[in-house]
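Before any comments, here is the structure.
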Amino acid sequence: MRLIGIAIAAVAAMLAGPASAQQWPARSVKLLVPYPAGGNVDSAARIIADKLQEKLGQPFIIENKAGAGGMIAGEAFAKSAPDGYTLFVGANGPVLFATEINKRDAYNWKKDFLPISTISMTPLVLEVHPSVQVTSFKEFIELAKREPGKLTMASPGPGTTNHLLSELMQSSLDLQWVTAHYRGNAPAINDLLGGQVQFAFDQLTVSLQHIKAGLFRALAVTSPHRLKSLPDVPTFAELGYKDFDGQTFTGLFAPAGTPAPIVDKLHETLVAILKDPGVIDKFDKLGGEAVAMTPDEFKAYLEREDAKWIPIVRKANIKAD
């Protein structure tokens, strides 16, 4: 009788799993964000949280958990139950690079994170302070070659996409400049505004207003096509530098092992949200682009990014401060 009871319980558990997944969400869902409020990742999370709540009928609550280049949030997320009630809105640094530059095996996106879809892509822009007497990327390269080590680049932190693009460019073009690391975009851009540093590779989300105000001069963007917001600024690909295509992604992840019906519902809902003209407009105004991928496409994208940038991290011996 005991064996029969165990068998009945096992069958009941198997049947209950998919049923509960189909009923998801039955309560509020937490979106872990690895940065403070106000940046492009947090902004993307808040845009989709409102729409997810609207479409799925439960609160989607943002929890900003900053620190260690995003590792604090990443580690907490990796330990979360795979039940669909803790999700992660991640970006390049926390997902791909943080564990490498911090030399801590706290999590591994390939086994701990289940990609749902990208949310947005935000290009970087090479911008200079007006005191730098260049008006094109060609002139910028010539200046850097003529006066190696004289220019200083404002970086929002070691291991960010901004920093890695700088390292790739120096290595590829045999250039040399000083890198000043800051704790985030805001202090880096403040010093660029003040002229304490000469240039930056920055998310357009942060810098577009300053470029339009004439406080920075934009030389090139990393997007695959020219941007509606900066139609006169060429892409690096146009200029013959296809490798300089680093963009900041934001993406939605569930913990590994999350039931397929939850993943499917999340993906279907997010794709519909990212097609909404109002959502597209919000990302346009932030200097980004609403972009949806299938889970398989997103995973393949992450694998390509991993293969491209991790060798740069190691070659440049990038470590956390």
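The number of residues in the range 248-284 being of a type in the set (Lys, Arg) and in contact with a helix residue (DSSP H, G or I) (Cβ under 9 Å, 6 or more places away or on another chain) comes to 2.
Looking at the range 225-259, which of the residues that are within 19 Å of ALA307 (Cα to Cα) and among the polar types (S, T, N, Q) is most open to solvent (accessible area, probe 1.4 Å)? Steps first, answer last, please.
Filtering the range 225-259 down to residues within 19 Å of ALA307 (Cα to Cα) leaves 241-251.
Of the ones still in play, those that are also among the polar types (S, T, N, Q) are 247-248, 250.
Details: GLN247: 34, THR248: 9, THR250: 1 Å².
So the residue we want is GLN247.
Residues in the range 96-124 that are modelled with pLDDT under 95 and of a type in the set (Val, Ile, Thr): THR99, ILE101, THR122.
Of the residues making up the range 114-166, those that are in a strand (DSSP E or B) and polar (S, T, N, Q) are SER117, THR118, SER120, THR122, THR152, SER155. Taking the criterion of being among the aromatic types (Phe, Trp, Tyr) and open to solvent by less than 10 Å² (accessible area, probe 1.4 Å), the residues of the range 80-106 that qualify are PHE88, PHE97. Collect the residues in the range 141-160 that are out of contact with any Lys or Arg (no Cβ under 9 Å at 6 or more places or on another chain), open to solvent by 10 Å² or more (accessible area, probe 1.4 Å) and closer than 19 Å to ILE101 by Cα, keeping them in residue-number order. Within the range 141-160, THR160 is the sole residue that qualifies. The single condition among (1) closer than 10 Å to LEU32 by Cα; (2) under 16 Å from the mean Cα position of the chain (by Cα) that ILE61 does not meet is (2). Here ARG183 meets each of (1) closer than 16 Å to ALA320 by Cα; (2) surrounded by fewer than 16 Cβ atoms within 10 Å (Cβ to Cβ); (3) touching a strand residue (DSSP E or B) at 6+ places or on another chain (Cβ under 7 Å) with one exception, condition (3). Suppose we keep only residues that are surrounded by 18 or more Cβ atoms within 10 Å (Cβ to Cβ) and hydroxyl-bearing (Ser, Thr, Tyr) within the range 161-178. Which one would you say is nearest to the chain's Cα centre (by Cα)? Per the stated criteria, the residue is THR161.
Please work out which residue is farthest from GLN247 (Cα to Cα), limiting yourself to the range 80-111 and to residues that are of a type in the set (Gly, Ala, Ser) and not in a helix (DSSP H, G or I).
As a first pass, look at the range 80-111 and keep what is of a type in the set (Gly, Ala, Ser): 80-81, 84, 90-91, 93, 98, 106.
With not in a helix (DSSP H, G or I) added as a condition, the list becomes 80-81, 84, 90-91, 106.
Values: SER80: 28, ALA81: 30, GLY84: 28, GLY90: 14, ALA91: 10, ALA106: 25 Å.
The selected residue is ALA81.
Looking only at residues in the range 36-46 that are under 14 Å from SER120 (Cβ atoms) and either open to solvent by 30 Å² or more (accessible area, probe 1.4 Å) or among the small types (Gly, Ala, Ser) (or both), the one that is modelled with the lowest pLDDT is GLY39.
Residue-level check: of (1) modelled with pLDDT of 95 or more; (2) surrounded by fewer than 17 Cβ atoms within 10 Å (Cβ to Cβ), ASP281 misses just (1).
A quick yes/no check of all residues on (1) free of Cβ contacts under 8 Å to residues at least 24 places away in the same chain; (2) under 19 Å from HIS225 (Cβ atoms); (3) open to solvent by 30 Å² or more (accessible area, probe 1.4 Å):
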position	(1), (2), (3)
GLY287	no, yes, no
VAL291	no, yes, yes
LYS299	no, no, yes
ALA316	no, no, yes
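Can PHE77 be described as part of a helix (DSSP H, G or I), aromatic (Phe, Trp, Tyr) and either touching a strand residue (DSSP E or B) at 6+ places or on another chain (Cβ under 9 Å) or open to solvent by 30 Å² or more (accessible area, probe 1.4 Å) (or both)?
Details: part of a helix (DSSP H, G or I): yes; aromatic (Phe, Trp, Tyr): yes; either touching a strand residue (DSSP E or B) at 6+ places or on another chain (Cβ under 9 Å) or open to solvent by 30 Å² or more (accessible area, probe 1.4 Å) (or both): yes.
Spelling it out, PHE77 is indeed part of a helix (DSSP H, G or I), aromatic (Phe, Trp, Tyr) and either touching a strand residue (DSSP E or B) at 6+ places or on another chain (Cβ under 9 Å) or open to solvent by 30 Å² or more (accessible area, probe 1.4 Å) (or both).
Return only the number of the condition from (1) in contact with a helix residue (DSSP H, G or I) (Cβ under 6 Å, 6 or more places away or on another chain); (2) within 30 Å of ALA81 (Cα to Cα); (3) of a type in the set (Val, Ile, Thr) that VAL313 does not satisfy. Against the list (1) in contact with a helix residue (DSSP H, G or I) (Cβ under 6 Å, 6 or more places away or on another chain); (2) within 30 Å of ALA81 (Cα to Cα); (3) of a type in the set (Val, Ile, Thr), VAL313 comes up short only on (2).
The values are calculated or read from the model by the stated rules, or taken from the named source; none is laboratory data. Values in this document were obtained by computation on a predicted structure and should not be read as measured data. Because the Cβ atoms are built from the backbone with ideal geometry, glycine has one as well, and the counts that use them run over all protein chains shown. To get the accessible areas, we keep the full protein, side chains included, count just its heavy atoms, and leave off ligands, DNA and RNA. Shrake-Rupley method; radii C 1.70, N 1.55, O 1.52, S 1.80 Å.
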